[in-house]
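What follows is a single structure, written as structure tokens, with notes after it.
The values are calculated or read from the model by the stated rules, or taken from the named source; none is laboratory data. Since the model is a prediction, treat every value here as computed from it, not as a measurement. Every residue, glycine as well, gets a Cβ built from its backbone with ideal geometry; the counts of neighbours run over all protein chains shown. Areas reflect the complete protein model, heavy atoms only, side chains present, ligands, DNA and RNA absent. Shrake-Rupley method; radii C 1.70, N 1.55, O 1.52, S 1.80 Å.
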Amino acid sequence: MLTSRPRGTNDIIPCEVEKWRWIESQFCQICEQYGYKEIRTPIFEHTELFQRGVGDTTDIVEKEMYTFMDRGNRSVTLRPENTAPVVRAYLENKLYAGLQPVKLFYSGPMFRYDRPQAGRFRQFHQVGAEVFGSNDPAVDAEVITMAMDFYARLGLNNLLLHINSVGCPECRPAQRVALKKYFQPHLGGLCRDCQDRFEKNPLRILDCKVERCAAAGENAPATIDCLCPDCAEHFEQVKKYLDLLGISYTIDRRLVRGLDYYTHTAFEIMAPDIGAQSSIGGGGRYNGLIEICGGPPTPGVGYALGIERIILAMERQDVAKNEASRPDVFVVTAGPEAGDTAFKLLFSLRSAGIAADKDYLGRSLKAQMKYAGKTGVRYVVMIGAEELALGVALVRDMSAGDQEAVSLDDIIAYLTQKKSMVTE
RNA sequence: GUGGGUGUAGCUCAGCUGGUUAGAGCACCAGAUUGUGGCUCUGGGGGCCGUGGGUUCAAAUCCCAUCAUCCACCCCA
């Protein structure tokens, strides 16, 4: 169909774009304040990057990627997330050879072939940040705090921050053993998926939403019960730093992020009341990822936040700003004589930095005024035969409802001054 | 991939058990003694009733299919 967009995609039309711009600008601002530099990577990458970087067994790679062959017979994939691409760019551009640590942020569209529902789309948008080169738990805390700080600046309240530690390759074998030992007696009662998970990745059983699996996992040993001394200490430090900054959180022993690359800290931020897809952001540490992608052993932490869900939450909490940009001036003509003068004046106003517009539909004076009123313009400049003869224009203050004659020679200076008074 | 709800004007919807030219509110446009917006009044434009098939003398209305959309499962932002 020529007039319908692909499933799960959205047009962001003028009145909504204002909101998006504002949110994105808040994010850029906060990132700069926290010392992060923007990076822009391609929308698509070699498929292999995600297979290796995100993990072959994840849902994203198994069934959600937009993958296709290009004309050169290479398999490429629209990015389903941006951590792997940023890691790739970090390596390809040898950013590890520069000042350390490397702190980056990004913003842009991601693609996952999912069934759309409230808060879930096939093309959606994320802002995110990544830090490469430091294993300091203070960085985990910084990254979490930055995300929470961002939400707060947007005016969001009542968010839930969940944190957990998923350990490292050192503690994984112990976790596996402990979990398999725990679930062995319950195995028959688990759902089909979880019976698979038992062999492949018993950790994921903890994440299962099926009631009987959740019940079976009630007292399962959590990852934080099996941490090696280093991981345990790291997690303690993260919590200490969060406490220091007054960030409140809940330890969620069940929190297991969906992507394979996470180690140590994992966190997720939820907004109640936006539907079943309540996670508005998540992230964690991924100390193994850079090596998986062919780089030197390098620690990393980061997060991604979903803009559509943030906007949903802002709307639910009634904190979404929706200020359409308004022109400063609307030029109105009475009668055809003034047309040329008005047209020239319009462009002089614009060159002077005043947002101005005029009617292009040949409307009557009354209709021009009506239109001007609806756009919310502050001043109407009116020119007709009488004004032309006197070399003036009428400047009408639309909210006050009064007007005065101003010489055409002075009108730009006059309006420039009015404008500066309003913006101050 | 699975399940349920909904598709009538730009928007929100009415039109129930099939029966004349398919309606309302809002929005849009134009007028209200000819140079002035917001309020009011009057008028106007605009609808392959999602699409395709079927039942019937007759379908927006009943049946089937299909597509889209919404919500949920799964997973995640």
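Here are the numbers for the structure shown:
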| quantity | calculated |
| --- | --- |
| Candidates A:A178, A:A129, A:A141, filtered to the one that is small (G, A, S), away from RNA strand B (no atom under 11 Å from the Cβ) and outside the structural domain of A:A232 (by TED's automatic domain parsing) | A:A178 |
| Every pair of residues 6+ apart whose Cβ atoms lie under 8 Å, when the first sits in the range A:378-407 and is within 7 Å of RNA strand B (Cβ to nearest atom) while the second is open to solvent by 70 Å² or more (accessible area, probe 1.4 Å) and assigned to a loop (DSSP other than H, G, I, E, B) | A:M398/A:R378; A:S399/A:R378 |
| Out of A:L388, A:L394, sole residue that is in contact with a strand residue (DSSP E or B) (Cβ under 6 Å, 6 or more places away or on another chain) and more than 24 Å from A:A324 (Cα to Cα) | A:L394 |
| Count - residues of the range A:272-307 that are within 14 Å of RNA strand B (Cβ to nearest atom) and among the charged types (D, E, K, R) | 2 |
| Count - residues of the range A:20-42 that are within 16 Å of RNA strand B (Cβ to nearest atom) and either at pLDDT below 90 or touching a strand residue (DSSP E or B) at 6+ places or on another chain (Cβ under 7 Å) (or both) | 2 |
| Enumeration of residues in the range A:74-126 that are more than 9 Å from RNA strand B (Cβ to nearest atom) and out of contact with any strand residue (DSSP E or B) (no Cβ under 9 Å at 6 or more places or on another chain) | A:L91, A:E92, A:N93, A:K94, A:A97, A:G98, A:L99 |
| Test: residue in the range A:358-377 that is touching a Ser or Thr at 6+ places or on another chain (Cβ under 8 Å), in a loop (DSSP other than H, G, I, E, B) and open to solvent by 30 Å² or more (accessible area, probe 1.4 Å) | no |
| Check on A:Y261, out of contact with any His (no Cβ under 6 Å at 6 or more places or on another chain), within 11 Å of RNA strand B (Cβ to nearest atom) and of a type outside the set (A, V, I, L, M, F, W, C) | yes |
| From the options A:V256, A:V238, residue that is more than 16 Å from RNA strand B (Cβ to nearest atom) and either closer than 18 Å to A:G119 by Cβ or not aromatic (F, W, Y) (or both) | A:V238 |
| Residue within the range A:73-83 that is within 15 Å of A:I292 (Cβ to Cβ) and in contact with a Lys or Arg (Cβ under 9 Å, 6 or more places away or on another chain) present | yes |
